[in-house]
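Novice: If you scroll down you'll find the structure; I have some questions about it.
What follows draws every value from the coordinates through simple rules; no lab data is involved. If you're wondering where the values come from, they're calculated on a predicted model, not measured in any experiment. Don't worry about glycine lacking a Cβ; one is built from the backbone with ideal geometry, like all the others, and counts go over all protein chains shown.
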């Protein structure tokens, strides 16, 4: 008994020791907090806060402009004055007038704005600093409506679901391809996914860089990439019972990777259109359709030698394409730039993980493995095809 | 401030040759995806623009409670109503004390401008003398930078406020004869000049003629601006230091009685400022000197220009006045006379 309690005490002792650094850190933090200004005085003077707002969204509705602002800095920021086109205007604030760190409010300005004219809005802090946002052309911001909701769904289906489904129709042709050619198409899929992954990663970094520094750490991107990469790894393990994914499991993984990317793509389309930064023309939609049709090929290849029902194929098309619709809804009707950065990071992580899965498959099943000319040429062709068809969409 | 957007470069560039599709839901429903060139009018001519709503409050109605101005109804009386003119008396000495101080002035509701002032306001107090008076202006510098007072007028060159920089904590007494009669200015002349003036070191300087002007309701308007974000351009424009103040608290005057306005322009950065009166005309005497009077409703003044306006209002009611630079008017330089019987 005594020996047992001594062990318990010993274990407790170790735990107490683990707390010691935390306590000491708290003490040190207390010291710095209480003496912060005198500490700074040793080396110089702090610059004054910028006192600039982060103007996140400017929305136009009949007779009204709504400006959503955030305080990106440590010190409080007070909305004291609002200008539209260099004129002081009456306004109300939906939310707090004095914003704490990273807090947002929406400024409501009754204003008879002129359609399609450029317009500037300025928000002045109590310290007199004016933050100006220039809107290249004022257009009415879409509000949630059944018509708009269905419209976005239709556009999402056109640029997401339809091309993937069309690409899946290559399946009968693929069934007759020899093993070299199949491995080439699998490598092609890997190239395609690498392209999408890099694209999503770059987009994520761009969005992250535009966030206030407090929110915009590159860690946000890494977190998203790691989350989805590890999540997809776990999923791949489950789908294939521990061994490398093949057949339908691999096709599903590819579809998920592509689907997450298409979520981001839909998000970008919806948000850009809602903010009046994108003209949703025929050419753009056709471009996206051609760009995305190869995604269907990527999903079809892993099941080239597997029996699948038409229903399963439809399911795969939905997994890969339907997130575009969801993305346009989110982008069109909400405004979370943090979420945007995170979505693209998740898309990148998923794409890279699927590249790994496909790579393993090719390494094992292709005659000559990863070093075969078919695999290498297929991979490069995948990247090149995405690049070339991407020109159509941009 | 940089602009952020959730988009990809490729989303933006592609659509340039195409027109917008105004209602996306219609895109495929009616098969009109082929948007027709650049003809924007096709979708805006048949309806009221989305931007417009009937019956919305316009700017011109910003009066009284509606006008965003700082403070209570009589806050600026000391600047608006000059000290009374004194009859000419040979050899009389007029004494003033001006103290330069750094003050955070609330120039618009909730907006604080770190000003340099004479006696705590921008513009500073009205200095008034009768032609021939000896002015003794004691200047104390309680500010954080060297300052001077430079008076316009005729005086010895060593009383000009240019050569004697008064250091913080220091003082200097300016002594000279007040002449010629007219409306003049005083302002700091330390360098950098632009900084010392736009921060608020200026005011009106009235010299009454030996032969007094007819009795009148006298007012002083010093036009100025405040560059609150220090970017070399004014964010707010005012008369006597607070934007929209006289829109919130109209100046009450009597119909048919002589009203005299001493108008000076001490706006920095902008080359000219102006005053436009609604619904009536006034007589304008440039610099308040000479025999020339212009009959008009709009006068323009360059930086440092000034003059005297006289009017007997013909009708009662709210008479608007503002800079005829619309931008200045909408950034605070607008007010009203309330003409009563």
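Novice: With runs of 4+ DSSP H residues as the only contributors, calculate the mean residue ellipticity of chain A at 222 nm using -39,500 (n - 2.57) per run, divided by the residue total and rounded to the nearest 500.
Specialist: So the helix-based figure for chain A works out to -20500 deg cm²/dmol.
Novice: In nm, to one decimal, how far is the modelled label at residue B:302 from the one at residue A:26, with both set 7 Å along Cα→Cβ?
Specialist: Each label point is offset 7 Å from its Cα along the Cβ direction, giving 7.1 nm.
Novice: Further, regarding this structure: According to a simple spin-label model (label point 7 Å from Cα along Cα-to-Cβ), what is the distance in nm between residue A:12 and residue B:94?
Specialist: With each label placed 7 Å out from Cα toward Cβ, I get 8.9 nm.
Novice: Output the direction-averaged projected area (hull surface divided by four) of the convex hull of the alpha-carbon atoms of segment B:64-340, in nm².
Specialist: Numbers: hull surface 54.1 nm².
If I average the Cα hull's projected area over directions, I get 13.5 nm².
Novice: Next up: For segment A:56-197, what is the convex hull (Cα atoms) projected area averaged across all directions, in square nanometres?
Specialist: Working: hull surface 53.4 nm².
Here the figure is 13.4 nm², rounded to one decimal.
Novice: Sort out for me the Cα centre separation of segment B:195-260 from segment B:143-193, rounded to whole Å.
Specialist: 20 Å
Novice: Further, regarding this structure: What number, in nm² with one decimal, is the all-direction average of the projected area of the convex hull of the alpha-carbon atoms of segment B:198-246? Intermediate values should be presented prior to the final figure.
Specialist: Values: hull surface 18.4 nm².
Directional mean of the projected Cα hull area for segment B:198-246 stands at 4.6 nm².
Novice: Let me ask you something else. Mind telling me which of A:64, A:357, A:203 comes out most flexible in a GNM of chain A, alpha-carbon contacts under 10 Å?
Specialist: For chain A, modelled as a Gaussian network with Cα springs under 10 Å, the answer is A:64.
Novice: With the Cα gyration tensor of segment B:298-338 in hand, convert its eigenvalues to equivalent ellipsoid semi-axes via √(5λ) and list them largest first in whole Å. Mind dumping the intermediate values first?
Specialist: Working: eigenvalues 83, 52, 9 Å².
They are 20, 16, 7 Å, listed largest first.
Novice: Between segment B:91-105 and segment A:193-263, how far is it from one alpha carbon centroid to the other, in angstrom?
Specialist: Comparing the Cα centres of segment B:91-105 and segment A:193-263, I get a distance of 70 Å.
Novice: Quick one: the Cα spread of segment B:54-135 along its three principal axes, in angstroms, biggest first?
Specialist: Computed over the Cα atoms, the extents are 65, 29, 16 Å.
Novice: Distance in nm between label sites at residue A:336 and residue A:214, each 7 Å beyond Cα in the beta-carbon direction?
Specialist: Modelled inter-label distance: 1.8 nm.
Novice: Arrange the following residues from fewest to most other Cβ atoms within 10 Å of their Cβ: B:322, B:189. The partial results should precede the final answer.
Specialist: Numbers: B:322 24, B:189 20.
Fewest-to-most ranking of B:322, B:189: B:189, B:322.
Novice: Kindly work out what percent of the DSSP beta bridges joining two residues of segment B:64-340 are antiparallel, to the nearest 5.
Specialist: Values: 57 of 80 bridges.
Percentage antiparallel, nearest 5: 70.
Novice: Provide the descending list of Cα extents for the protein assembly as shown along its principal axes, expressed in whole angstroms.
Specialist: Projected onto its principal axes, the Cα set of the protein assembly as shown covers 118, 87, 48 Å.
Novice: Would you mind computing the Rg to Rh ratio of segment A:85-153 from its alpha-carbon coordinates, Kirkwood style for Rh?
Specialist: Numbers: Rg = 15.2 Å, Rh = 14.6 Å.
Rg/Rh for segment A:85-153 comes to 1.04.
Novice: Suppose the chain between residue B:157 and residue B:194 were pulled fully straight at 0.36 nm per residue; how much longer would it get relative to their current alpha carbon spacing?
Specialist: Numbers: separation 37, 0.36 × 37 = 13.32 nm, distance 2.18 nm.
Full extension from residue B:157 to residue B:194 adds 11.1 nm.
Novice: Restricting to bridges with both residues inside the protein assembly as shown, how much of the DSSP beta-bridge set is antiparallel, in percent to the nearest 5? Can you show the working numbers first?
Specialist: Numbers: 89 of 112 bridges.
In the protein assembly as shown, DSSP labels about 80 percent of beta bridges as antiparallel.
Novice: Let me ask something else about it. Quick check: the distance between the Cα centres of segment A:136-159 and segment A:329-365, to the nearest angstrom?
Specialist: Centre-to-centre distance over Cα atoms comes out at 24 Å.
Novice: In addition: So if I restrict to the alpha-carbon atoms in chain A, what is the Rg, and what is Dmax, the biggest pairwise distance, in Å?
Specialist: Just the Cα atoms of chain A yield Rg and Dmax of 26.8, 86 Å.
Novice: Then there is this: Please give the FRET efficiency for residue A:150 paired with residue B:101, using the beta carbon to beta carbon distance and R0 = 60 Å, rounded to the nearest 0.05. Working shown, then result.
Specialist: Working: r = 65 Å, r/R0 = 1.09.
The pair residue A:150/residue B:101 has a calculated efficiency of 0.35.
Novice: Then there's this: If we sort A:247-253, A:84-90 on the protection proxy, mean other Cβ atoms within 10 Å, highest first, what's the order?
Specialist: On the way: A:247-253: 22.7, A:84-90: 18.3.
Peptide ranking by packing, descending: A:247-253, A:84-90.
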